[in-house]
Amino acid sequence: MHIGKRVFLYLTRRKWQNLILCGVFSLISFSVLTGISVFTGISQISKELRSNIGASFDIRPYEQFEADNGQFSGNGTPVIHERSVQQILDAIGGELKTYNTEHYGFAKGQDLSFIAGMQHSEDSNMGQVIAVRDSGLTKAFFNEECRLTEGSHIKPEDKNKILISKELAQENQLSVGDTIRLTHAELGSENGEYIDLIKEKTAFADVEIKGIFEIRNRTDSGLNPTAKKAENMIFSDRQLLCGLKEQKQGIYEGELSFFISDPLRLNEITEKVEDIDSIDWKNHIMQKNDYRFSKISGQLQMIQNIVASLIAAVSVLGVAVLMLIMTLRLRGRIKEAGILLSIGRRKKEIIGQFVIETVSVLIIGFLLAAVLFIPVSALLNTYLFGTVIQKTIEGIRPAAGNADYLQPDFYKGMLLLVVETGVTAFTVVMSGAVVLSLKPREILAKMS
């Protein structure tokens, strides 16, 4: 009788035994398939979170002071040139999300009354200007020390646009869209009083109020001069101070912030930036910030380790159960094996028959597991990634929102089937080796 016919007859005549084995294969396949999908889904959500959260590094200048006979003197605030900024951008490459620059200066306004500070006078009636590329990326807004309540943030394409505080707007009855005239100023002191060091005004700019912000964390001690009070801060576009002749084009005296997509590459990128020799690192410091990703990464890695352990446990347990079942099945077929050997069938052919029978049941069980996985995966996706993971990562949502992270992957499914087939075939061979190592006469003697 042909081997194919023998396989068919065995599968159809031993229905209940094969159904039980098929159920075992389905359970193992479903468990491993789900585990692999969850493991892959966590990897995907981790990648999306990295892109969504990102990371940044700041380059800050600091002035070094020298002491001479008790007197301290400085060499002025160090600067970074546009050429160095371009080198930093080249080092970041495709990982760049955005970046921000800051300039600092002072300004007076025509018919603009600033909130009075210590020793306020008409001469010291000025505010500090922070000229930025993107005001939303400044530490004041990024750390939620300030919050925009009206209008919109300063953007790189803006020109002659400013943000002012709610207090300054109320003091001068200003609103979003109003235009005011600013002129340059420089805070100094003379005879114990705060003064404007720029006496002759030669630079002016008509600016539009693009937004109004509120200060959420005030730490004003009451000793600050008018120009240093938080309520008198003015955020402007990056060109304003150049127009007011307080800064030079392409030279940066303030903090530079660079935002990248993948926090895992933060150290690699900052090492490249530190190799840029056009930046005076003796007078600049770099601060890295990967926000909350370090904590989230640890939590996600812990979940991945748990899932990987469960996959390994299910796999080992499945192989052990399969080995036991196959050993019992083949011991129950000693008579059949002895008869086949006695009529001249080769051991390889008999083992091949047993392998084909078992693999056929495996394929049916695997297909049933795959069909069952499709509807169950939607429920698991909602629960795991819509509830558990969201709580674990403290409300931070991945970029894809409601994406299905447990969608069946054809290639991974086929790979899993191939692996299961190989393991099953190996198990059948090992289980049958004990029986088929005997000679036909020994097998028949054991039967009797």
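The values are calculated or read from the model by the stated rules, or taken from the named source; none is laboratory data. The model shown is predicted, which means the values in this text are computed figures rather than measured ones. Cβ: placed from backbone, ideal geometry, glycine included. Neighbour counts: every protein chain shown. Heavy atoms of the whole protein, side chains included, go into the accessibility calculation; ligands, DNA and RNA do not. Shrake-Rupley method; radii C 1.70, N 1.55, O 1.52, S 1.80 Å.
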Output the Kirkwood hydrodynamic radius of segment 135-197, Cα pairs only, in Å rounded to one decimal. 14.3 Å
Suppose each label sits 7 Å from its Cα in the direction of the beta carbon; what would the Arg265-Glu214 distance come out to in nanometres? 4.0 nm
Which residues qualify? For Glu150, with a placed amide H closer than 5 Å and at least 5 residues away or on another chain, they are Ile212
Quick P(r) readout (segment 112-161; Cα-Cα; 10 Å bins; whole %) gives 21, 38, 33, 8
Calculate, for segment 234-285, the solvent-accessible area per residue in square angstrom, rolling a 1.4 angstrom probe over the heavy atoms of the protein chains. 46 Å²
At a Förster distance of 60 Å, what's the computed FRET efficiency of Ser278 paired with Leu19, Cβ-Cβ distance as r, to 0.05? 0.20
Probe radius 1.4 Å, ligands and nucleic acids left out: which of Trp16, Trp281 has the largest accessible area, and how do the rest follow? Trp16, Trp281
Global form of segment 174-294, assessed from the alpha-carbon gyration tensor, a/c cut-off 1.5: prolate
Expressed in square angstrom to the nearest 10, the accessible area of His284 with a 1.4 Å probe stands at 10 Å²
Using a 1.4 Å probe over the heavy atoms of the protein chains, calculate the carbon and sulfur portion of the accessible area of segment 90-189 as a whole percent. 41 percent
Of 357-369, 113-125, ordering from highest average Cβ density within 10 Å down gives 357-369, 113-125
Amide H neighbours of Met126 under 5 Å, counting only residues 5+ apart in sequence or on other chains, H built in-plane at 1.01 Å? Ala227
Taking only protein heavy atoms and a 1.4 Å probe, what accessible area per residue, in Å², does segment 161-208 have with all protein chains in place? 55 Å²
May I ask you to list the trypsin sites (Lys or Arg not before Pro) in segment 229-265 that are in a DSSP loop and have at most 13 other Cβ atoms within 10 Å of their Cβ? Lys245, Lys248
Quick tally, 1.4 Å probe accessible area for Ile279, Ile303, sorted with the most first, runs Ile303, Ile279
Out of residues 5 or more away from Leu112 or on other chains, whose amide H comes under 5 Å of its own, with H placed 1.01 Å from N in the peptide plane? none
